[in-house]
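Q: Provided herewith is a single structure, encoded as structure tokens, for subsequent inquiry.
The values are calculated or read from the model by the stated rules, or taken from the named source; none is laboratory data. In this text, all values refer to a predicted model and were calculated from it rather than measured experimentally. Here Cβ is always computed from backbone atoms with ideal geometry, including for glycine, and neighbour counts include all displayed protein chains. Just so you know, the surface numbers come from the protein's heavy atoms only, side chains and all, with ligands and any DNA or RNA stripped out. Shrake-Rupley method; radii C 1.70, N 1.55, O 1.52, S 1.80 Å.
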Amino acid sequence: MAARLSLIALAILLALVPLFAVSSLTFLAIVYAKSLAVLGIILLLQAGQVSFGHGMFFATGAYTAAFLGRAMGGGGDLALLLVASVGTSLVLGLIVGLFVVRYRYIFFGMLNLAFSMVLYSILEKFFHLTGGSDGLRIRRPTLFGFGFDRGQFDLLLYYVMLVLALAGAYLVWRYLKSPLGQALKAIKTNETRLEYIGLSARSVLLVGYVISAVLCGIGGAGLGLIQGIATPEYTYWTRSSEFVFIAILGGVGHVAGALTGTFVYEAIRTYAAAFVADSWQLILGFVLLAIILKAPTGIVGVFETIAQRRAAARATPANALESANLESMK
């Protein structure tokens, strides 16, 4: 109940942002789009697996929006572009997943990286089809036949990405609480026992993998629509590593870590780059080192620990008073 109330309160607060911070709409929309991809990484980390190639699904979503928008003329329809990105990332996630779920740990991560770099090469080399390193422009789509100017479209994208990010976080949280989600976590702790009770570890991991691919695909389509372009950089290894970085920063054990980590990451990158030019990566490196060494549970884990300590501190005087009353009654 507390988690649901917190999610509702956060949703209301973020929904009111356009009333007092219009200049932050694009920044926050980017945060929401990337947080969906980070959710996919966090989902796999529950099974103890890390992917350095999920940028391929991120790029799949973006290029789906670009190709479909071009085919439909005028940019297409926003709802249709997002649904199509779900379909293409789901299919690709299923195809790639059938290969990678056979492996674990470093082999799992490197195989994902290999598939991602293959897609990167294809997008780079097939210039006449994909636009090469320049990418493909994504025209401003309509929504159910209604057109928008730049300002209206930015506001629309803000609310669309907000709804998708919060819905994604809630559904992933519910999934991890479900029996199938618990089975996914069991892959990390004791995969052999999972097989003994009649569940296929590969099938369980494949379901989680496809869900993570879909989340990345939606995030990629969202970022492509926000920036108005899809480029091969979306599937480059640095993009996938960025998602892993953000997951660790926010906290791999918490669904809320996706949004929190992405917000902090983008804020540091945006404002640090404005003051120290090309050295913002250095600042992010120090932040990550501090998190790993001092707060391995991530930013959300730090706040959770502080809240638990305060609750324990408040409970201690109450327990002492209750003990004193019992002693006096004796």
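Q: Would you mind finding the one in L92, L143, L166, L155 that is touching a helix residue (DSSP H, G or I) at 6+ places or on another chain (Cβ under 8 Å) and either hydroxyl-bearing (S, T, Y) or within 21 Å of M56 (Cβ to Cβ) (or both)?
A: None of the others qualify; the one that does is L92.
Q: Here's a follow-up. Condition check: over 17 Å from G228 (Cβ atoms), in contact (Cβ under 8 Å) with a residue 24 or more places away in the chain and buried (at least 21 other Cβ atoms within 10 Å of the Cβ). Does F144 satisfy that?
A: For F144, the condition - over 17 Å from G228 (Cβ atoms), in contact (Cβ under 8 Å) with a residue 24 or more places away in the chain and buried (at least 21 other Cβ atoms within 10 Å of the Cβ) - is not met.
Q: So is I226 over 20 Å from V91 (Cα atoms), free of Cβ contacts under 8 Å to residues at least 60 places away in the same chain and of a type in the set (A, V, I, L, M) or not?
A: no
Q: Report yes if D154 is among the acidic types (D, E) and surrounded by fewer than 12 Cβ atoms within 10 Å (Cβ to Cβ), otherwise no.
A: Against the criterion (among the acidic types (D, E) and surrounded by fewer than 12 Cβ atoms within 10 Å (Cβ to Cβ)), D154 does not qualify.
Q: Another question, then. Which one of the conditions (1) more than 23 Å from the chain's Cα centre (by Cα); (2) in a helix (DSSP H, G or I) does R140 fail to meet, given that it meets all the rest?
A: (2)
Q: Regarding E233, is this residue in a helix (DSSP H, G or I), open to solvent by 50 Å² or more (accessible area, probe 1.4 Å), at pLDDT 85 or above and not β-branched (V, I, T)?
A: So E233 fits the description; yes.
Q: Still on this model: Return yes or no: is L284 at pLDDT 70 or above, part of a helix (DSSP H, G or I) and loosely packed, with under 10 Cβ neighbours inside 10 Å?
A: In short, no.
Q: Continuing with this model, one more query. Have a look at T270, T305 and point out the one that is of a type in the set (V, I, T) and either at pLDDT 75 or above or surrounded by fewer than 12 Cβ atoms within 10 Å (Cβ to Cβ) (or both).
A: Testing whether each residue is of a type in the set (V, I, T) and either at pLDDT 75 or above or surrounded by fewer than 12 Cβ atoms within 10 Å (Cβ to Cβ) (or both) leaves just T270.
Q: Out of curiosity, is R139 surrounded by 15 or more Cβ atoms within 10 Å (Cβ to Cβ) and among the basic types (K, R)?
A: When the stated conditions are applied, R139 passes them.
Q: Same structure, new question: Considering F245, F263, which residue is over 28 Å from F99 (Cα atoms), among the aromatic types (F, W, Y) and surrounded by fewer than 24 Cβ atoms within 10 Å (Cβ to Cβ)?
A: Testing whether each residue is over 28 Å from F99 (Cα atoms), among the aromatic types (F, W, Y) and surrounded by fewer than 24 Cβ atoms within 10 Å (Cβ to Cβ) leaves just F263.
Q: Pull up the range 147-176, narrow it to residues that are part of a helix (DSSP H, G or I) and charged (D, E, K, R), then point me to the one that is nearest to the chain's Cα centre (by Cα).
A: By that ranking, first place goes to R174.
Q: Looking only at helices (runs of 4 or more DSSP H) that fall completely inside the range 1-119, which ones have 3 or more residues that are touching a residue at least 24 places away in the same chain (Cβ under 8 Å) and surrounded by 14 or more Cβ atoms within 10 Å (Cβ to Cβ)?
A: Result: 2-15, 25-45, 55-72, 78-100.
Q: Only residues that are aliphatic (A, V, I, L, M), part of a helix (DSSP H, G or I) and either crowded, with 18+ Cβ neighbours inside 10 Å or modelled with pLDDT under 85 (or both): list them for the range 177-198, please.
A: A183, L184, A186, I187, L194, listed by residue number.
Q: With the condition kept exactly as written, say whether any residue in the range 58-76 is of a type outside the set (A, V, I, L, M, F, W, C), at pLDDT below 85 and in contact with an Asp or Glu (Cβ under 7 Å, 6 or more places away or on another chain).
A: No, every residue in the range 58-76 fails to be of a type outside the set (A, V, I, L, M, F, W, C), at pLDDT below 85 and in contact with an Asp or Glu (Cβ under 7 Å, 6 or more places away or on another chain).
Q: For the condition at pLDDT below 80 and under 13 Å from the mean Cα position of the chain (by Cα), what is the one hit in V276, V252, V244?
A: Of the residues listed, the single one that is at pLDDT below 80 and under 13 Å from the mean Cα position of the chain (by Cα) is V252.
Q: Go through the residues of the range 25-42 one by one and say whether even a single one is more than 21 Å from E242 (Cβ to Cβ) and either modelled with pLDDT under 90 or of a type in the set (V, I, T) (or both).
A: Within the range 25-42, one or more residues are more than 21 Å from E242 (Cβ to Cβ) and either modelled with pLDDT under 90 or of a type in the set (V, I, T) (or both).
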